[in-house]
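Reviewing the structure listed below.
The values are calculated or read from the model by the stated rules, or taken from the named source; none is laboratory data. The model shown is predicted, which means the values in this text are computed figures rather than measured ones. So basically every Cβ, Gly included, is an ideal-geometry build from the backbone, and we count neighbours across all protein chains shown.
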Amino acid sequence: MLSIRFFQRVIVLKWSVLILIFGAFSFSQVFADEDTTAGIQEYRDLLDDVNPAELWIFSGEELWYRKAGPKNASLETCDLGKGPGVTVGAYVELPRFFFDAQKVMDLEQRLIYCRTLIQGFSRADVISYPFTKRGQETSEIEMLVAYIASESRGLHMNIPLMRIEEKRVYELGKQFFHLRAGSHDFGCITCHSGDNQRIRLQELPNFRKKDEASKSYGSWPAYRVSAGEVRTMQHRLYDCLRQQRFPEPIYGSDLMTALIMFLAKSADGGLYEAPGIKR
């Protein structure tokens, strides 16, 4: 029986050929035009109809309903905040407070919780392989996140912060967003608090502006062309912290959930359109 990874590679190979065809034309226009930003957006628009993330979505849906773990159970009873098994509209309301766990969780934390409680995996096993490594099998977490996130596509972010626990987590995330530290004295605010900033051809969204925050947050998780993988929001933050020379955070930590809460609230009300496509 052919593996999911095999089919992913076939689809990505076909998609890469399309990139070469469309990209050659599009990038010639980028460098010919004065408006680089518009040229890059045109390139991305050409690729929207062939987003390889769709395969991760299909695989994640299969994993959601497949019985697995020591308890031989599916995730159909996992409550993501809308009721057991309900995936539609869940992602745009996360992070949120969960009464059963008595804490605020983002999607990736919640999946850890459900896979341990419902399926019987140890926490160590669940968090041992959160991000796919080049040339190896795809992370189940990334596939599940792609599927669940896609179930909110076309909806609007809705982070009301009704409970004191949610407000506390939001404030912690806000503090961390503004924290400058590390050997380079960097912080999230260094790159994401001003207008017209970019690294090479990559625009840096200003999270002080709701429209830019919404557009950025609303496109994650995303298929990363450079990695050939779908990457989650936690992976995006890992990479940011690595570039800031911060210590590597523990996967599924409360601090990462707090930062995600701040980013999600900054995008509140915005249209959610993930999975997106990134360089």
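Per-structure values
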read-out	value
Qualifying residue in segment 208-224 (condition: assigned by TED's automatic domain parsing to the domain that holds F262 and at pLDDT below 80)	no
Test: residue in segment 205-225 that is basic (K, R) and buried (at least 17 other Cβ atoms within 10 Å of the Cβ)	yes
Hits in segment 161-198 (condition: at negative phi, without any contact (Cβ under 8 Å) to a residue 60 or more places away in the chain and in a loop (DSSP other than H, G, I, E, B))	M162, L179, R180, G187, H192, S193, G194, D195
Inter-residue pairs, beta-carbon under 8 Å, first farther than 17 Å from V145 by Cβ and in segment 223-245, second among the acidic types (D, E) and surrounded by fewer than 16 Cβ atoms within 10 Å (Cβ to Cβ), 6+ apart	L241/E248; R242/E248
Residue within segment 117-127 that is touching a strand residue (DSSP E or B) at 6+ places or on another chain (Cβ under 9 Å) and among the aromatic types (F, W, Y) present	yes
Selection within segment 258-269 - buried (at least 24 other Cβ atoms within 10 Å of the Cβ) and out of contact with any Leu (no Cβ under 9 Å at 6 or more places or on another chain)	S266, A267
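This table checks each residue for (1) in contact (Cβ under 8 Å) with a residue 40 or more places away in the chain; (2) surrounded by 19 or more Cβ atoms within 10 Å (Cβ to Cβ).
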site	(1), (2)
T77	yes, no
P84	no, no
L117	no, no
P130	yes, yes
Y147	yes, yes
